[in-house]
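Working notes for the structure below.
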């Protein structure tokens with residue numbers, strides 16, 4: 001960068017642009033540079049300053065090229081010289097760097113503003129969604145934490161929300177779903193058994209759920225409720241409702257729980273909650289117990305056995321006690337599908353479980369199919385077969 005294009009000049013230009021309500025364009029940025037430099041910059045210096053400011057003021061800045069790559073799902077910034085990406089095989093370090101910590105902070109604050117959020121010393125973290133970034137119709141999920149809460153400096157996490165459109169055949173071809181499990185999954189969907197897809201972050205829960213919804217008969221109407229739009233099943237009749245966080249004034253929030261209630265009034269054949277992470281589990285279980293069978297959702301859990309305890313914690317947020325949760329769960333959900341992400345980054349269906357209710361009313365998940373053949377016969381296989389027989393899909 002030329003000596004004439006100093007950091008002080010760039011800061012003055014940023015301040016001038018921040019005082020206007022007009023979105024920065026090449027013309028407005030160039031005009032601001034000329035005004036703050038008093039016209040002493042030559043064409044080369046002007047282009048140099050324009051290039052730097054455009055990178056900082058438009059899109060995702062230096063991260064924009066990474067977000068535009070189709071094989072990248074996550075971009076993580078932990079320091080100015082530490083930018084990591086996930087291409088599906090674990091994290092790898094990128095060659096992209098920032099000039100300094102202040103540049104990372106400025107980008108985080110600008111992206112927060114674009115998402116309609118506030119990010120400053122009084123509110124040092126933000127969770128939001130950026131529409132239309134990097135050419136993604138589904139946008140980008142934003143999370144940022146400022147220093148000193150983030151001790152080493154501003155931490156920025158961006159997840160590209162690309163539509164999950166693969167079918168069961170494609171997942172079988174990629175090794176995510178074994179061939180024998182594929183036919184079992186199709187029977188579960190055809191028999192209108194309600195199911196939960198569980199697993200850790202990035203394990204492929206949404207991908208499997210979308211594939212299963214693509215197997216739903218074409219004449220059925222699917223209502224999908226999501227916190228962030230990701231589900232895009234290959235089905236002719238899908239209605240998608242997406243939650244909305246409050247704006248910077250703290251108003252305008254639309255919760256997943258509210259949308260589940262609205263979905264009940266929209267003549268659904270199947271109700272799907274893209275990710276159950278709060279009190280909406282109460283409304284989902286209630287919906288599945290009022291004649292809306294065949295519904296589904298995803299839940300963060302490390303194993304099928306942990307699902308009841310996880311749902312207990314979520315139901316408590318909605319005012320439902322343990323006994324009521326187990327009673328509702330036993331009547332509403334029949335199957336749990338566990339997806340796992342291996343150490344090499346591969347995603348696969350690891351287990352299919354069925355729900356059993358004990359003598360004291362507590363619900364447990366029993367394995368009905370497992371990818372681990374060394375575990376021996378699955379104890380819940382006969383129960384799943386009976387469930388499918390009752391639904392005419394054995």
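So, in the range 73-87, exactly how many residues are touching a strand residue (DSSP E or B) at 6+ places or on another chain (Cβ under 8 Å) and either farther than 17 Å from residue 149 by Cβ or at pLDDT below 85 (or both)?
8
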Q) Out of (1) closer than 26 Å to residue 68 by Cβ; (2) touching a strand residue (DSSP E or B) at 6+ places or on another chain (Cβ under 9 Å); (3) outside the structural domain of residue 66 (by the TED database); (4) part of a loop (DSSP other than H, G, I, E, B), the odd one out for residue 153 is which? A) (3)
Q) So which of 290, 286, 298 ends up being at negative phi, in the same structural domain as residue 365 (by the TED database) and assigned to a strand (DSSP E or B)? A) 298
Q) Of the residues 380, 319, 291, which single one is free of Cβ contacts under 8 Å to residues at least 60 places away in the same chain, over 28 Å from the mean Cα position of the chain (by Cα) and within 30 Å of residue 241 (Cα to Cα)? A) 291
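Mind checking whether some residue in the range 177-193 is within 30 Å of residue 113 (Cβ to Cβ), in contact with a strand residue (DSSP E or B) (Cβ under 6 Å, 6 or more places away or on another chain), touching a residue at least 60 places away in the same chain (Cβ under 8 Å) and not in a strand (DSSP E or B)? Outline the logic, then answer.
First pass over the range 177-193, keeping only residues within 30 Å of residue 113 (Cβ to Cβ): none.
Looking for residues that are within 30 Å of residue 113 (Cβ to Cβ), in contact with a strand residue (DSSP E or B) (Cβ under 6 Å, 6 or more places away or on another chain), touching a residue at least 60 places away in the same chain (Cβ under 8 Å) and not in a strand (DSSP E or B), one finds none in the range 177-193, hence no.
From the list 251, 260, pick out the single residue that is surrounded by 17 or more Cβ atoms within 10 Å (Cβ to Cβ) and either more than 13 Å from residue 221 (Cβ to Cβ) or out of contact with any strand residue (DSSP E or B) (no Cβ under 6 Å at 6 or more places or on another chain) (or both).
Criteria check complete, one pass: 260.
On the given criteria, is residue 340 surrounded by fewer than 20 Cβ atoms within 10 Å (Cβ to Cβ) and either in contact with a strand residue (DSSP E or B) (Cβ under 7 Å, 6 or more places away or on another chain) or in a helix (DSSP H, G or I) (or both)?
yes
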(Q) Quick check on this structure: which one of 241, 285 is over 17 Å from residue 141 (Cβ atoms), in contact with a helix residue (DSSP H, G or I) (Cβ under 8 Å, 6 or more places away or on another chain) and modelled with pLDDT under 90? (A) 285
**Q.** Residue identified as at pLDDT 85 or above, crowded, with 20+ Cβ neighbours inside 10 Å and under 18 Å from residue 74 (Cβ atoms) among 146, 158, 171, 130
**A.** 158
Q) What are the residue pairs meeting all of these: first residue in the range 245-257, first residue on the phi > 0 side of the Ramachandran plot, second residue in a loop (DSSP other than H, G, I, E, B) and modelled with pLDDT of 75 or more, Cβ atoms under 8 Å, and 6 or more apart or on different chains? A) 252/246
(Q) I want to confirm something. Restricting to the range 71-116 and keeping residues that are closer than 22 Å to residue 203 by Cα and free of Cβ contacts under 8 Å to residues at least 12 places away in the same chain, which single residue is surrounded by the most Cβ atoms within 10 Å (Cβ to Cβ)? (A) 84
(Q) Out of the residues in the range 188-207 meeting the condition of being buried (at least 21 other Cβ atoms within 10 Å of the Cβ) and closer than 16 Å to residue 303 by Cα, tell me which one is farthest from the chain's Cα centre (by Cα). (A) 195
Q. Right, residue 356: surrounded by fewer than 22 Cβ atoms within 10 Å (Cβ to Cβ), modelled with pLDDT of 90 or more and assigned to a helix (DSSP H, G or I) or not?
A. no
Q. Is it fair to say residue 218 is more than 30 Å from residue 112 (Cα to Cα) and surrounded by fewer than 17 Cβ atoms within 10 Å (Cβ to Cβ)?
A. yes
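I need the full set of residues from the range 315-329 which are surrounded by fewer than 20 Cβ atoms within 10 Å (Cβ to Cβ) and part of a helix (DSSP H, G or I), in order please. Write out each step before concluding.
Restricting attention to the range 315-329, the residues satisfying the condition of being surrounded by fewer than 20 Cβ atoms within 10 Å (Cβ to Cβ) are 316-319, 321-324, 327.
The answer is 316, 317, 322, 323, 324, 327.
The values are calculated or read from the model by the stated rules, or taken from the named source; none is laboratory data. None of the values given here were measured: they were computed from a predicted structure. Cβ atoms come from the backbone with ideal geometry, glycine included; neighbour counts cover every protein chain shown.
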